[in-house]
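Student: Please read through the structure below; I'll follow up with questions.
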Amino acid sequence: PVLAVTRSLSNATNTVALPETVEGAARVADVSYVDWALSPLSGVSQILIVDSPLCGVAVLGAIAAGHGGFSLKALKTGGIAAGSALVGSAIGACVACLLGQSPDTIVSGLHGYNPALAALAVATFYKHNWAVAGLAVGSAAATTVASVGISSALASSLGIPACSLPFCIVASICMRASPFVPMWKLK
């Protein structure tokens, strides 16, 4: 079903109607709040091609532990990296919802793994500050938009999925920002 939404903005000279239809908006209400809340964890788990919030928790734990051991600084850095992946996945779900994607694909995490990887790449290679946080958020949103566009183009023309191509493109662009954003010194 299609939910018809009509809104008019009026002033003395003209009237503008904003969107007449929103595809899939009626189905958004059919998904439980718990499923929506767990979708970022499912997005992180989709990095391993698994649809499981519990697996998402395990992946986040591995990301946090894998960033340098158990010193206080390493735990902070690992926590930032894991948090970046989770926030990236959540942003991916929100942007996909705004783009009118199927709630089933959003809840299963299919719109969360590329943004999670993009935000994780930014958190891994750049020094942590507010500018980098903005870059991580922007990369997650851009990856979702790229993922929707590339997936549609590849599916309609070649019949193949986009997989992690949107992440690769956006992460490469973010790495080109290195003259403007301070990076970690790589050994």
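Student: State all residues of the stretch 142-168 that are hydrophobic (A, V, I, L, M, F, W, C), open to solvent by 70 Å² or more (accessible area, probe 1.4 Å) and under 20 Å from residue 49 (Cα atoms); if no residue qualifies, say none.
Tutor: 160, 163, 165
Student: Something else: For the stretch 113-127, does any single residue satisfy the condition of being open to solvent by 40 Å² or more (accessible area, probe 1.4 Å) and within 20 Å of residue 43 (Cα to Cα)?
Tutor: Checking the stretch 113-127: at least one residue is open to solvent by 40 Å² or more (accessible area, probe 1.4 Å) and within 20 Å of residue 43 (Cα to Cα).
Student: Would you be able to say whether some residue in the stretch 171-186 is in a helix (DSSP H, G or I), over 22 Å from residue 64 (Cα atoms) and of a type outside the set (A, V, I, L, M, F, W, C)?
Tutor: yes
Student: Starting from the stretch 25-37, take each residue that is farther than 26 Å from residue 57 by Cα and list its partners that are surrounded by fewer than 14 Cβ atoms within 10 Å (Cβ to Cβ) and modelled with pLDDT under 85, counting only C-beta distances under 6 angstrom and pairs at least six apart or across chains.
Tutor: 25/3; 26/1; 26/3
Student: In addition: Restrict the check to the stretch 129-138 and report whether at least one residue is part of a helix (DSSP H, G or I), touching a residue at least 12 places away in the same chain (Cβ under 8 Å), within 19 Å of residue 77 (Cα to Cα) and open to solvent by 50 Å² or more (accessible area, probe 1.4 Å).
Tutor: Yes, the stretch 129-138 contains at least one residue that is part of a helix (DSSP H, G or I), touching a residue at least 12 places away in the same chain (Cβ under 8 Å), within 19 Å of residue 77 (Cα to Cα) and open to solvent by 50 Å² or more (accessible area, probe 1.4 Å).
Student: Looking for something open to solvent by 30 Å² or more (accessible area, probe 1.4 Å), modelled with pLDDT of 90 or more and touching a helix residue (DSSP H, G or I) at 6+ places or on another chain (Cβ under 6 Å) - is there at least one such residue anywhere in the stretch 64-71?
Tutor: no
Student: Confirm whether residue 60 is modelled with pLDDT under 95 and under 16 Å from residue 121 (Cα atoms).
Tutor: Here the answer is yes, as residue 60 does meet what is asked.
Student: Residues to consider are 141, 153; find the one that is closer than 18 Å to residue 93 by Cα, modelled with pLDDT of 90 or more and not basic (Lys, Arg).
Tutor: The unique qualifying residue is 141.
The values are calculated or read from the model by the stated rules, or taken from the named source; none is laboratory data. Owing to the predicted nature of the structure, the values given are computational and were not obtained by experimental measurement. For neighbour counting, all protein chains shown are included, and Cβ atoms are generated from backbone atoms with ideal geometry for every residue, glycine included. Remember, those area values only see protein heavy atoms, side chains included, never the ligands or the DNA or RNA. Shrake-Rupley method; radii C 1.70, N 1.55, O 1.52, S 1.80 Å.
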